[in-house]
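Working notes for the structure below.
The values are calculated or read from the model by the stated rules, or taken from the named source; none is laboratory data. On a predicted model such as this, the values are computed, not experimentally measured, just so you know. Methodologically, a virtual Cβ is constructed for each residue, glycine included, from the backbone with ideal geometry; neighbour enumeration extends over all protein chains shown.
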Amino acid sequence: MPEFQTWQLLLFPLFFGLGWLAARVDIKQVVRESRSLPASYFKGLNFLLNEEPDKAIDAFNEVVRVAPETIELHFALGSLFRRRGELERAIRLHQGLADREGLPAEVQLQALSELGQDYMKAGLLDRAEEVFTRLRGTARDDEARRALLEIFQLEKDWERAIQIAADMPGLASPKEVAHYHCELAEREMANSRWDSAREHLETALSLDRACVRATLAVGELRARDSDDGAAIALWQRIENQNPVYLALAAPRLMAAYRRQGRVEEGLRLLRGYLERYPSLDLLDYVFRFVFEHEGAAAARLLARDELQRNPTLLGLDRFLEARLQELDGQERADAELMKSAVSAHTRRHARNRCTACGFKARQHYWRCPACGGWETYPPRRVEDMDFTA
């Protein structure tokens, strides 16, 4: 180890002196900049620290009024207005920035973008579309396209959604574009334009071979043409595409088997699906079909077996429903009381849930109403036993 030299002690005062000098320079800079800010700015910060957002907003508004050059504070305040739902104030602020002369082009583009977001949050989609259309071809072109795609989806303008997705590869996934074509196909089917519907469904399946929605619709067209055998074969493919969606195919399959006089074969198929892919909806459908075609005893045995494999309130509710047909007198009255209580909880707590955002509802959506995700809302009800809901 080298020996410590006495002269090295002189370095310590030097280092301390340089640190003190740097700190003084920084402090002077901070003080000089802070003196240029209005007192309202510091009041606003103090209100924020004390969790008084309303007073903070008033204070920052005063800063914006007396010091219009504080552009970043304008944007921060506008975003705060939008998050709090004060959309009129956000719109006025961002519109004022967008119209102000002498601002750098980048700042005006940002103001337009924020204004478009304000309009979207307020549900003024036509105005939002106008703003984002103005941003096309600018430095915020990508952002404008994404916003326009969302607007077209909200407006159900699927033709333009398809066009803008084609103009910017990667903006929407093939699965999403396939759903746009399915939306158009459903519209064509509703207007009896069958050939056009088929074209859209073929395009959807070419984009996404696992598109259950298109498979369901193509099967419906085959069934409409009295080709139930082809429809059944198509709907059976859903097991390989995504078995979660078999609950949507079950009533269609059973209707086709019934028209062909093959009810027992159809029930065997659905029983097999229920055994391999248990779900509340599939249990509900199969129970109804068994009850109708094989009677209460067979339905009760089905529900009992499902209860043993997958204990659920819905399974218990269906078991009691079938059991009621075999009871009378006081036993029937007691069973009816139990079923009434179980049914109430089943209706309240059995819901579909979005796998992306957790949004819950009683029906199935191809696109989540909350987060806008496609196929994030599977037709698989879950029993959420949160009794505070």
Q: Test Leu280 against the criterion of being more than 16 Å from Leu267 (Cβ to Cβ), surrounded by 22 or more Cβ atoms within 10 Å (Cβ to Cβ) and out of contact with any Lys or Arg (no Cβ under 6 Å at 6 or more places or on another chain), and give yes or no.
A: no
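This table checks each residue for (1) buried (at least 19 other Cβ atoms within 10 Å of the Cβ); (2) under 19 Å from Arg252 (Cβ atoms); (3) touching a Lys or Arg at 6+ places or on another chain (Cβ under 8 Å).
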| site | (1), (2), (3) |
| --- | --- |
| Asn191 | no, no, no |
| Asp195 | no, no, no |
| Asp208 | yes, no, yes |
| Ala214 | yes, yes, no |
| Ala223 | yes, yes, yes |
Q.
Could you list, ordered by first residue, the pairs with Cβ atoms under 7 Å in which the first is in the range 216-234 and more than 18 Å from Arg193 (Cα to Cα) and the second is surrounded by fewer than 16 Cβ atoms within 10 Å (Cβ to Cβ) and of a type outside the set (Asp, Glu), at least 6 apart or interchain?
A. Asp228/Arg259; Asp228/Gln260
Q.
Regarding the range 335-345, can at least one residue be identified that is of a type in the set (S, T, N, Q), over 35 Å from the mean Cα position of the chain (by Cα) and over 30 Å from Lys121 (Cβ atoms)?
A. no
(Q) From the list Ser192, Ser206, Ser196, exactly one residue is over 19 Å from the mean Cα position of the chain (by Cα), at pLDDT 95 or above, within 30 Å of Ala230 (Cα to Cα) and not in a helix (DSSP H, G or I). Which is it? (A) Ser192
Q. Of these, Glu294, Glu306, Glu375, Glu336, which one is surrounded by 15 or more Cβ atoms within 10 Å (Cβ to Cβ), touching a Leu at 6+ places or on another chain (Cβ under 7 Å) and either in contact (Cβ under 8 Å) with a residue 12 or more places away in the chain or basic (Lys, Arg) (or both)?
A. Glu306
Q.
Step by step: first the residues of the range 225-247, then only those that are small (Gly, Ala, Ser), over 27 Å from the mean Cα position of the chain (by Cα) and surrounded by 15 or more Cβ atoms within 10 Å (Cβ to Cβ), then the one that is nearest to Glu186 (Cα to Cα). Which residue is that?
A. Ala231
